[in-house]
Amino acid sequence: MNSLQYIFVHGLSGWGSYDAKYQKLPYWGMHGGELMNFLTNEGFESYAASVAPTGSAWDRACELYAQLAGTKVDYGEHHSRKYRHERYGRDFSDCPLIPTWDDNTRLVLIGHSFGGTTIRLFSELLVNGDEDERKTTKPDEISPLFQGGTKSRIHSLVTLASPMNGTTAYEMGTDPDFNADSVKRPLWSKLLARMMAKSTKIIEDGRDPRDYAGYDMHLDRAREINERIQTQPMVYYFSVPCCITDKLPDGTCRPRREIEPMIASRSYLIGAYSGKTAGGITVDAAWHENDGLVNTISAMAPEGAPYKALDKENIEHGIWNVFPTLQGDHMWLQGGLMRQHNIRPFYQELLTMISQL
């Protein structure tokens, strides 16, 4: 019987077990106690990956592969030339994330927020590789990740509050017709939002601006990524959307009092924003419900992919099994920041369900 290993991938501006910060403030279980050790002691071999905090889904997928395979990060000859950055990154040969990864070990990939996009693209590359990289790179130099052909290594994939169809948190910032000042918000929420914006600001390094997470989370770009990623017939897919807002009579949404204060202002804005993207995607009232950073509708299933409401008595592979919307904010699934949540029962139940499939 193949053993399962549970790989957790953080979201935007996050961190994992390779980062010194994780020892003092674990991304997974911020205030309720570090989650990986707890789950491993419960019989679920769990690991926290560390990928670029603000990097693109592509770069993060390459870093995840290197950590799992125990090799040097290869961003690809074609990709690194196109987006103007170094082809190679950190070498994990002496410090792989998991002891062994072969056909006897299957992965359960769990991604929070943009980590969900990361693991979805990673799984696509693992199976189908990348044609541009195959055309550009010498056969003896290409990373196995870009060659594809690995179909049996992933057991299931879980996205947690993931912007699978993008988030209007980024869309509104580039829409000249949207006036954020017209949205009524408490003054304290605006001040906290400015503090958060400084702490999550992208430090540019000269690469193409399209090679960052912020670009990938725009609605039009998310659609491009979705069109590329195939739903694999033998993989179990799960999504956990979150909501921390109430709908008002005018169709807008506002956050509830228990929202994480740092993201309250953004929740007000997402709950009021409507518009249309350059690619023709209409943002209407269906997009207003949110968890503070991600539209609830976007976290349910990728556009164009098959999905159904989760039925624990009839879990199917090759289709997105959508959990009932969790009534909590975007950071609930980490254990909270200023609001503290005990997330251990949630993950224990989730992993128990998956392990029994």
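Every number here is computed from the coordinates shown, using simple stated rules; none is lab data. Small disclaimer: the values here were computed from a predicted structure and weren't measured. Positions of Cβ are backbone-derived with ideal geometry, glycine not excepted, and every protein chain shown enters the neighbour counts.
Sorting check: for 161-168, 121-128, which peptide has the highest mean count of neighbouring beta carbons within 10 Å, and how do the rest follow?
Order by mean packing, descending: 161-168, 121-128.
Let me have the relative contact order for the chain, percent, based on Cα pairs under 8 Å that are six or more residues apart.
Relative contact order for the chain comes out at 18 percent.
Got a sec? How would 113, 46, 152, 17 order by Cβ neighbour count within 10 Å, fewest to most?
152, 17, 46, 113
What does the charge count around residue 297 come to, taking other residues whose C-beta lies under 12 Å from its C-beta (Lys +1, Arg +1, Asp -1, Glu -1)?
Surrounding charge for residue 297 is -4.
Using DSSP to call loops (not H, G, I, E or B), can you name the GluC sites (Glu not before Pro) in region 9-85 whose Cβ has at most 14 other Cβ atoms within 10 angstrom?
Counting only loop positions with at most 14 other Cβ atoms within 10 Å, the GluC sites (Glu not before Pro) in region 9-85 are 42.
Across the Cα atoms of region 108-234, what radius of gyration and what greatest pairwise Cα-Cα distance (Dmax) are found, in Å?
Final numbers for Rg and Dmax: 18.3, 59 Å.
Given only helices, namely DSSP H runs of n ≥ 4 each adding -39500 (n - 2.57), what is the per-residue ellipticity at 222 nm of the chain, to the nearest 500 deg cm²/dmol?
Computed mean residue ellipticity for the chain: -8000 deg cm²/dmol.
For region 248-357, run through the GluC sites (Glu not before Pro) and keep only the ones in DSSP coil with at most 10 other Cβ atoms within 10 Å of their Cβ.
313
Could you work out which residue, out of 15, 188, 287, moves most in a Gaussian network model of the chain, that is, has the largest mean-square fluctuation with Cα springs under 10 Å?
188
Please give the Cα centre distance for region 298-339 versus region 122-170, rounded to the nearest Å.
Each part reduced to its Cα centre gives a spacing of 21 Å.
If neighbour count is taken as other Cβ atoms inside 10 Å, put 58, 28 in order from fewest to most.
58, 28
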